[in-house]
Amino acid sequence: MVRIRVLVVDDHRIFAESLAAALAAEPDVDVAAAGSGPAALRCLERAAAEGRGYDVMLVDAELGILAAARGRRAPVPVPRSGENGPVDGISLVAGVRSGQPSVHTVVLAEKDDPLRAALALQAGASGWVAKDCSLQRLLTVIRGVLRDETHLPPALLTGVLRELTAARKHRTESEELVESLTPREREVLRCMVAGLGRKAVAERLYLSPHTVRTHMQNVLGKLGVHSTLAAVALARRAGVGPVDLEPTRVLAGDVVERSGQLA
């Protein structure tokens, strides 16, 4: 029997452990659970290194997002190996898609949200499923994405298509604005996307803080925004990534495999 290896990623312990236990009862499913984005990444990396990679990752749409900001906060960059920090569900999907494209991801959501569903599909998700769906429905989606199917609730289809069309338009506009920057200004923008302050940018680019301030002001002016956060959001829409930063710390693992228990 060909077994399906599934990783459940959710920071709500009761839900994650209950779902893992339910899936583990299936004769052809092996399941593990992780309670955070960084934990999931370490679990995936370890499994791949051992030659027993996961087939499907089920991830909470609101993973790592505070209740007051759920559904509308910008994605948090996925940490590099050896780094810690919160990772939201959509960013985790994108990180796994980039690092382990053989892993199919399905987003589990408490409510229908065309915007986040569109973001999930853009990030590389193969499915969007309501958390209150039946186990059989979820198993159908899991087996379907392994056949390279994309699963989306019919009620969300129109809204998702609208969001994808709008995102394509915004991306084009954002790309045109970024193209107006000089090479040095684009480099400064990438530093801003990485979260570096003026002093850190100056040290990295061997410039004076005054020169960096001037570049940052020019970047904001050309992009037509009034804050660093707005500039970073626009840069991400245009596909501008952060500069590479060296990892600073190593963390202990916090995933317990096969038991369905969160560390």
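The values are calculated or read from the model by the stated rules, or taken from the named source; none is laboratory data. Because the structure is predicted, anything quoted here is derived from the model rather than measured. Glycine also receives a Cβ, built like all others from the backbone with ideal geometry; neighbour counts cover every protein chain displayed. Each accessible area value is taken on the protein alone, full model and side chains, heavy atoms only, with ligands, DNA and RNA left out. Shrake-Rupley method; radii C 1.70, N 1.55, O 1.52, S 1.80 Å.
Taking first residues from segment 116-133 that are surrounded by 20 or more Cβ atoms within 10 Å (Cβ to Cβ) and partners that are part of a loop (DSSP other than H, G, I, E, B) and not aliphatic (A, V, I, L, M), the Cβ contacts under 6 Å between residues at least 6 apart in sequence or on separate chains come to 116/71; 126/150.
When 139, 161 are checked against the criterion of being out of contact with any His (no Cβ under 7 Å at 6 or more places or on another chain) and open to solvent by 40 Å² or more (accessible area, probe 1.4 Å), a single residue qualifies: 161. Looking only at residues of segment 1-48 that are more than 20 Å from residue 146 (Cβ to Cβ) and in a loop (DSSP other than H, G, I, E, B), we find that the one that is farthest from the chain's Cα centre (by Cα) is 12.
Once segment 55-82 is narrowed to residues that are open to solvent by less than 60 Å² (accessible area, probe 1.4 Å), modelled with pLDDT under 90 and aliphatic (A, V, I, L, M), the residue that is farthest from residue 127 (Cα to Cα) is 69.
Of everything in segment 142-158 that is of a type outside the set (A, V, I, L, M, F, W, C), open to solvent by 30 Å² or more (accessible area, probe 1.4 Å) and at pLDDT 90 or above, the residue that is farthest from residue 234 (Cα to Cα) is 143. Scanning segment 168-175 turns up at least one residue that is outside the structural domain of residue 222 (by the TED database), touching a residue at least 60 places away in the same chain (Cβ under 8 Å) and open to solvent by 70 Å² or more (accessible area, probe 1.4 Å). Under the condition of being under 17 Å from residue 18 (Cα atoms) and at pLDDT 90 or above, the residues counted in segment 110-129 number 1. Got a sec? Which of 89, 95, 99, 85 is modelled with pLDDT under 50 and assigned by the TED database to the domain that holds residue 8? After ruling out the rest, the residue left standing is 85.
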